[in-house]
Structure formats: C-alpha cells, structure tokens
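The values are calculated or read from the model by the stated rules, or taken from the named source; none is laboratory data. Nothing here was measured: the structure is a model prediction, and the numbers come from that model. Cβ: placed from backbone, ideal geometry, glycine included. Neighbour counts: every protein chain shown. For accessibility, only protein heavy atoms count, side chains too; no ligands or nucleic acids. Shrake-Rupley method; radii C 1.70, N 1.55, O 1.52, S 1.80 Å.
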Amino acid sequence: MSNAQRLCLAALVVFALPLRADIVTLQTGGQIRGKVANHNQDTPTIVVSLPHGGKVSLLRSQIKLIVQETPPEIAYRSLAASANNTEKAQWALAEWCRAAGLQRQREFHLRQIIASNPNHVKARHGLGYTQLKGAWILHDKYQKEQGYTFYRGRW
C-alpha cells in the first residue's frame with residue numbers, strides 16, 4: 001500500500017473511530033489508554049475501558065492527569081507508527097497533520113524533513129523560515145532585523 005493510499009485510508013478511519021479516547025497518566029509515570037467511563041463524576045475511583053476489552057479501576061489519588069484525545073490524534077498515532085522515515089513520507093504526514101489541525105505534530109515532521117534535507121523549501125516555509133542571501137532565517141527574526149516590531153498581530 002502506498003503512502004498516499006495509507007493516508008486516505010486513515011482519513012476514512014477517523015470517522016469510524018470512537019469520538020474520543022483518554023490517556024490516563026498515573027502518579028508513577030505510567031500511562032493507560034482507553035475510555036474513562038465516569039470522567040466527570042465525583043467518585044473515589046474511575047473505570048477505564050481498554051481498547052481490546054477489559055476494564056481497569058483506579059483510585060483518583062493514583063491519577064496524575066487525564067487527557068482526552070480527538071479522533072485526528074488517534075488516527076495520527078497509527079499513521080506515525082507506520083510511516084517510513086523518508087522525506088516523501090514525512091512530507092505526506094506533515095500535510096495530513098496540517099489538514100487535521102495537528103500543528104505540533106506537523107512541526108515535528110517538518111523538522112524531520114529539514115534534518116535530512118536542510119534546503120527543503122516547503123518544509124522551511126512551513127516552519128516560518130525565509131531565505132535571505134542564501135541563508136535560512138526565521139521570518140520573525142528577519143522582520144526584527146529590518147527594524148519592525150510586532151504589534152497587535154502585525155509587523
């Protein structure tokens with residue numbers, strides 16, 4: 001299966017996924033992925049339904065943090081795990097992240113691209129770089145060097 005086909009399939013899978021998944025971070029540093037059944041109830045324990053069946057009960061005192069994942073984040077985990085570390089695959093994944101609104105993940109893949117190809121124009125532009133006299137410089141830094149100040153959303 002090509003990367004393009006895999007990305008299209010992932011886009012379709014997003015709609016077939018549950019509305020959300022939860023990542024429960026424990027006080028010990030471990031994590032449990034599943035769906036928290038009684039998330040907002042004022043009970044001393046929570047129950048996490050695991051993806052492959054089964055349930056885990058935890059005391060709230062054992063839990064450090066509960067983060068709800070969105071369907072795009074769930075699909076991203078699957079895509080990223082199966083993606084090749086090639087420039088083409090990383091670019092496709094970065095574009096998928098852009099379309100899905102996953103900015104932090106997109107930046108990660110753009111940085112992967114420029115680590116292997118420092119002159120990848122689209123990846124550099126995606127990270128906010130401008131080319132000036134043959135060197136890449138962040139647009140913000142360039143504007144400051146030109147004497148501009150960022151004020152009310154504009155230079």
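So, taking all protein chains as they sit and a 1.4 Å probe, how much accessible area belongs to SER82, in Å² rounded to tens?
My reading of the accessible area for SER82 is about 50 Å².
Using a 1.4 Å probe and counting only protein heavy atoms, arrange HIS109, HIS39, HIS52 so the residue with the most accessible area comes first.
Accessible-area ranking of HIS109, HIS39, HIS52, largest first: HIS52, HIS39, HIS109.
So, how do all the Cα-to-Cα distances of the range 37-119 break down into 5 Å bins, in percent, from 0 on up?
3, 12, 19, 16, 10, 10, 12, 9, 6, 3, 1
How would THR86, THR28 line up by accessible area, probe 1.4 Å, largest first?
Largest to smallest exposure gives the sequence THR28, THR86.
Just to verify a number: FRET efficiency for TRP155 and LYS122, C-beta to C-beta distance, R0 = 25 Å, to 0.05?
The calculated FRET efficiency here is 0.65.
For the chain, report the accessible area per residue in Å² (1.4 Å probe, heavy atoms, rounded to an integer).
Using a 1.4 Å probe on heavy atoms only, each residue of the chain averages 67 Å².
On the accessible surface of the range 93-155, probed at 1.4 Å, how many percent belong to carbon and sulfur atoms?
Using a 1.4 Å probe with all protein chains present, the range 93-155 comes out at 48 percent carbon and sulfur.
Subtract the Cα-Cα distance of LEU138 and GLN103 from 0.36 nm times their separation in residues, and report this length gain in nm to one decimal.
Value of the extension gain: 10.9 nm.
Considering lysine pairs in the chain that are 8 or more places apart or on different chains, how many have Cα atoms under 18 Å apart?
6
What is the dipole size for the chain, taken about its Cα centre, with +1 at each Lys and Arg Cβ and -1 at each Asp and Glu Cβ, in debye to the nearest 20?
Using Cβ point charges on Lys, Arg, Asp and Glu, the chain gives about 260 debye.
Projected onto the charge dipole of the range 16-133 (+1 at Lys/Arg Cβ, -1 at Asp/Glu Cβ, origin at the Cα centre), which of PRO118, VAL47, SER57 gives the Cα projection farthest towards the positive end?
Checking the options against the dipole of the range 16-133, the answer is PRO118.
Of the listed values (i) 13.4; (ii) 11.3; (iii) 10.5, grab the one calculated as mean projected area of the Cα convex hull in nm² from the structure here.
The value computed from this structure is option (i).
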